[in-house]
1. Sticking to Cα atoms, compute the Rg of region A:11-78 to one decimal and its Dmax as the biggest Cα-Cα distance, whole number, in Å.
2. Springs between alpha-carbon atoms under 10 Å, Gaussian network over chain B: tell me which of B:Ala188, B:Ala85, B:Ala55 tops the mean-square fluctuations.
3. Which lysines, on any chain, are close to A:Lys17 with Cα under 17 Å apart, when same-chain ones fewer than 8 places away are left out?
4. At 7 angstrom along the Cα-to-beta-carbon line, where would the label on B:Arg107 sit relative to the other copies? Give the distances in nm, shortest first.
5. In whole percent, what relative contact order does region B:166-238 give with Cα contacts below 8 Å and a gap of six or more residues?
6. Within region A:104-194, report the GluC sites (Glu not before Pro) that DSSP leaves as loop and that have at most 10 other Cβ atoms within 10 Å.
7. Which of the listed residues, B:Pro106, B:Thr66, B:Val236, is farthest toward the dipole's positive end in chain B, when Lys, Arg count +1 and Asp, Glu count -1 at the beta-carbon?
8. What nm distance separates the two modelled labels at A:Thr161 and A:Arg107, each placed 7 Å from Cα along Cα→Cβ?
There are 2 protein chains.
Amino acid sequence: MSRASVVVIGNEILTGKFADENGPFFIRRFRELGVDLVRLVTIADTIEAIADEVALCAARSDHVFTTGGVGPTHDDLTFEGIAAAFDLPLRVHPDLVALMERFGMPRDAANLRMATLPEGAELVLGEGMHYPVIRVRNVWILPGVPFLAARKFEVIAPMLTGQKVGCLKVYARNQETDVAAALAGIQAAHPGVDIGSYPRFGEGDHSLIVTLESRDPAALAAARAATVSALDVLRVEEA
Amino acid sequence: MSRASVVVIGNEILTGKFADENGPFFIRRFRELGVDLVRLVTIADTIEAIADEVALCAARSDHVFTTGGVGPTHDDLTFEGIAAAFDLPLRVHPDLVALMERFGMPRDAANLRMATLPEGAELVLGEGMHYPVIRVRNVWILPGVPFLAARKFEVIAPMLTGQKVGCLKVYARNQETDVAAALAGIQAAHPGVDIGSYPRFGEGDHSLIVTLESRDPAALAAARAATVSALDVLRVEEA
């Protein structure tokens, strides 16, 4: 199963100038694809922050997705940060310059900056796409503009190996402290299921949501039965 | 000026079971308080992930805020993770147990688990609060439930030193590539102002938003004048 990390390179998110749309997009798509998202990080646009975070994520996950910082302006530092992460030199990528020229983008300083990539960068062209997705090792470099990031992600999505995770939400009337020991016992008896416990306040009839997640339907059903018999359950919903 | 990091400890966010409300809350409040948010990270509920991230954030920022993982159940691992981050032993905190007893919480395994804190943890009681905010060094440990996290944050907010950042959004009709050099020049001439450039598509009359941010009003006004004379500006808004 693929494990993915997402690095949102975005002063504009941290300072609240723009709301983050890319994080929620990736959460939804990874869930649909059955890919495990292990880390979602929003960092400032500095070479050091990008380098450190990309190096860490690249070591801990199969695929890293960055968004933002790939334009032509002084605040676009993603390629420099990724080069620093892997200690790679930056070079103008001749194939990208050729592609740009084919699409009428002049060979000027701004466009050359966008074509200056860490050495070894690959260009991946999706069907009907003018501009490639750029990959460096296991890092996929996406733009910050949400609809462009989403479009490029769909080029990569078929390359990810996923298997959908079954998820149940068990709505109960218990107090979390009263059932903590029972839930620990169920977790121990059902190691193939991830059991989460979330107290809720003022949300209607329930005071607790217990979530059960597994890629194994039989294990999920067994954990469900154990949970339903241990708790004061109102209903179970597929989530 | 305080630099803050936020660590959302939340499988439930990464898997899309619940939407993250804490991240957007912190972004808004830090902006209002004039505190610099340098890092916003959502990680899984494992001791290793919590320990690594908290250690990193604690070293790089003045204040770290964690949310989630402080309840009585098996998936609540924040105290263990923070203890591991700083290589501290875990101990039942007698003052917290005494407080719990005063509020009628029995001395059972679930409550003792919630009172087992990294050595040296401090209890900070806000006005009118039953349950304290727990701090370990520069790490403030908040619950995952959004309204509780928000309420506890307001106990801490007056302790943070902030100074509001002035922010202008300049809406322009330019293409980003055409003005990249001009913006780099303005940035170099106005080092006290952070200049961001964000291309926009299909959002109305503008194709570019340039943001100007500074704590120095005079510097901001100078950068604004330079930007307005270099770009095809439609309007400037305070953001």
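The values are calculated or read from the model by the stated rules, or taken from the named source; none is laboratory data. The structure presented is a predicted model; accordingly, all values stated were derived computationally and were not measured. No Cβ is skipped: glycine too gets one built from the backbone with ideal geometry, and neighbour counts run over all protein chains shown. For the accessible areas, the whole protein counts, side chains as well, though only heavy atoms, and no ligand, DNA or RNA atoms are used. Shrake-Rupley method; radii C 1.70, N 1.55, O 1.52, S 1.80 Å.
1. 12.8, 37
2. B:Ala188
3. B:Lys164, B:Lys169
4. Output for B:Arg107: 8.1 nm, nearest copy listed first.
5. Working: 128 pairs, mean separation 35.8, N = 73.
Dividing the mean separation by the residue count of region B:166-238 yields 49 percent.
6. Values: sites: A:Glu119, A:Glu122, A:Glu127, A:Glu154, A:Glu176; in loops: A:Glu119, A:Glu127.
Loop-located and lightly packed - A:Glu127.
7. B:Val236
8. My value for the distance between the label points is 4.3 nm.
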